[in-house]
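Report on the structure given below.
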Amino acid sequence: MTAVFQVCFFVGLLLTVLTLILGGVVDFFGIGDMEGLDMDFSLDGLGINFSIPLNPAIYIVLLTVFGGIGMILETSTGLAGIFIILIALAAGILVSMLLYRFVIKPLKKAQNTSAPDSDDLIGVLAVVTEKIQENGFGQISYVVNGNTFTAPAKATKGTEIAAGEEVSICWIQEHVFYVAPLK
């Protein structure tokens, strides 16, 4: 039984390291999004609804914790093999569920609150945070969906706009926000 726990533990560690390395490579080159899925199941007649996360990180953690706890219990206790398997499996499931509930799910929710599209920003009110120079640049701050963003800005007519003035976003070109004062 020790060999099974060792294989689970070391395969889980290896997969964790590979995921970190490959995740960094994928992010660096922008190859794609490696996001997990959730499958919802319901038994309407019994009033039971549950969700199974299909995220590889959850199963890697389950495998690693199962193997690690199994090795620890096998070497330090005199419990029977079936009890060790049940305790290690329960610990793996518990840690996986906690990881999903308190880390992966909040991060997925935070990721979905991304910046709005440029077209959605036309007409949004903003405040000049750094004075916009005549025929030059400054900085604005605006709020969309409860999130505050800052951006480089330029006056539409090339005039100077003082810090603290309210402006309206007229258009965005090459990541520069062209604004007009409300006064």
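At-a-glance table
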read-out: Helices (runs of 4 or more DSSP H) completely within segment 1-116 that count 1 or more residues being loosely packed, with under 12 Cβ neighbours inside 10 Å, more than 15 Å from the chain's Cα centre (by Cα) and at pLDDT 70 or above; value: 2-29, 56-76, 81-99
read-out: Pick from segment 134-163, criterion in contact with a Lys or Arg (Cβ under 9 Å, 6 or more places away or on another chain) and assigned to a loop (DSSP other than H, G, I, E, B), ranking: least open to solvent (accessible area, probe 1.4 Å); value: Gly136
read-out: Leading residue by the ranking (nearest to Ala110 (Cα to Cα)) among those in segment 172-183 that are exposed (fewer than 14 other Cβ atoms within 10 Å of the Cβ) and in contact (Cβ under 8 Å) with a residue 12 or more places away in the chain; value: His175
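The values are calculated or read from the model by the stated rules, or taken from the named source; none is laboratory data. Predicted, not measured: the structure shown is a model, and the values here were computed from it. Cβ atoms come from the backbone with ideal geometry, glycine included; neighbour counts cover every protein chain shown. SASA here: full protein model, heavy atoms, side chains in, ligands and nucleic acids out. Shrake-Rupley method; radii C 1.70, N 1.55, O 1.52, S 1.80 Å.
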